[in-house]
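Comments concern the structure below.
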Amino acid sequence: MDVDYGVAEEVAPDVRRIVANNPGPYTFLGTNTYIVGSGEVAVIDPGPGDAAHLSAIAEATRGERVTHILITHSHRDHCDGAVPLQAMLGGEIVAFGPTGKPRGAARGRRATASSIQAFTPDRPVEDGDTIKGRGFALDVLHMPGHAPDHLCFAHVGKRTVFTGDHVMGWNTTVIAPPEGNMADFIASLERLMQRHDKTFLPGHGGRIQTPQRVVRAYMTHRKWREQTILACLDEGISTIPRIVAKLYGGLDADLKEAAALSVLAHLEHLIARDMVAAEGAHDRLSAFYVRPASDSSS
């Protein structure tokens, strides 16, 4: 993926992409902002509250009317620009809205990209709703897992889905409890497998032109990671720091916190299926994990 920050590039019929200049270990080359339609447009994920990026969106939509500002989920690298962009260009802010579920990571900083921006949209939407403008329609798909409020938007008639951070074009998605939930994430992936889309346009990274293959790879990766964690427990490696050291030994130090949270998400999913038990510390990041006697041979 080649990036020219601040420049609107056509990436699909009636879809332009502007990449925010916020590269990092959790954002890859930056957050993708999409402009859907022509003349009357929707902006998907206005990105960080960066003046240069907001100005680039304004320049790209000069002479057009912004009717909707859509938010895939309320992580700051996706939605901080929503309110200032609305002040500049107008448009109704559309998002899932508050879920009442715990947000943030279990412990630690998890980088600014994953910090939460609490806001109430002008228009809360849910799974099955459709956002319509002159010349475009977007079906709302509630896809929790990465975050409880995560939405994808299916471009009606185009076999294209804007996937936010649910499926990314450069790496697997971070699932960080308590807001991240592995069971929800896998169930959301299974929903995408049942569709027949041709293109995914992710929140980070390039266009995905083999959607089902990528979703299948995501699911295979999660099953494989689960098995490697179970193998660690069978070897007596029973704490998250030791599991991370075993499985992610060569990982950059800045990403090991995310790896620990991903392991925790897998362990919570295993606990829910009675395949693993937590012992000791109340804080599950510090607990000891064991295979129940009835499951250790399976």
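The values are calculated or read from the model by the stated rules, or taken from the named source; none is laboratory data. Note that the structure is a prediction, hence the values are computed from the model and not measured. Positions of Cβ are generated from backbone atoms using ideal geometry, with glycine treated the same way; all protein chains shown enter the neighbour counts. All accessible areas refer to the heavy atoms of the entire protein, side chains included, with ligands and DNA or RNA removed. Shrake-Rupley method; radii C 1.70, N 1.55, O 1.52, S 1.80 Å.
Within region 17-27, restricting attention to residues that are over 25 Å from Lys198 (Cβ atoms) and open to solvent by 10 Å² or more (accessible area, probe 1.4 Å), the residue that is nearest to the chain's Cα centre (by Cα) is Tyr26.
Taken over region 221-242, the criterion of being within 16 Å of Lys256 (Cβ to Cβ) and either in contact (Cβ under 8 Å) with a residue 40 or more places away in the chain or outside any helix (DSSP H, G or I) (or both) is satisfied by Arg225, Ile229, Ile237, Thr239, Ile240. Only one of the numbered conditions (1) in contact with a strand residue (DSSP E or B) (Cβ under 8 Å, 6 or more places away or on another chain); (2) at pLDDT below 95; (3) under 16 Å from Gly180 (Cβ atoms) is violated by Asp149, and that is (2). Of the conditions (1) at pLDDT 90 or above; (2) open to solvent by 40 Å² or more (accessible area, probe 1.4 Å); (3) of a type outside the set (Ser, Thr, Tyr), Asp283 clears all except one; give me its number. Answer for Asp283: the failing condition is (1). Considered as a group, the residues in region 153-178 that are part of a strand (DSSP E or B) and either in contact with a Gly (Cβ under 6 Å, 6 or more places away or on another chain) or of a type in the set (S, T, N, Q) (or both) include one that is nearest to Gly39 (Cα to Cα), and that residue is Thr160.
For region 243-289, residues that are free of Cβ contacts under 8 Å to residues at least 40 places away in the same chain and touching a Ser or Thr at 6+ places or on another chain (Cβ under 8 Å) total 2. Of all residues in region 1-42, exactly one satisfies the criterion of being of a type in the set (D, E, K, R), within 23 Å of Gly90 (Cβ to Cβ) and in a loop (DSSP other than H, G, I, E, B), namely Asp14.
For region 223-239, state whether one or more residues are β-branched (Val, Ile, Thr) and over 30 Å from His282 (Cβ atoms). Within region 223-239, not a single residue is β-branched (Val, Ile, Thr) and over 30 Å from His282 (Cβ atoms).
Entry remark, region 83-100: residues being in contact with a strand residue (DSSP E or B) (Cβ under 7 Å, 6 or more places away or on another chain) and farther than 19 Å from Val66 by Cα number 2 in total. Give the residues of region 250-280 that are over 22 Å from the mean Cα position of the chain (by Cα) and open to solvent by 50 Å² or more (accessible area, probe 1.4 Å), sorted by residue number. Across region 250-280, the qualifying residues are Gly250, Ala272, Arg273, Asp274, Glu279, Gly280. The set of residues in region 191-250 that are within 22 Å of Pro144 (Cβ to Cβ) and touching a Gly at 6+ places or on another chain (Cβ under 6 Å) comprises Pro202, Gly203, Gly205, Ile208.
Residue by residue, here is whether (1) crowded, with 20+ Cβ neighbours inside 10 Å; (2) without any contact (Cβ under 8 Å) to a residue 60 or more places away in the chain holds:
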position	(1), (2)
Asp2	no, yes
Val15	yes, no
Leu29	yes, no
Ile35	yes, yes
Ala51	no, yes
Arg65	no, yes
Gly90	no, yes
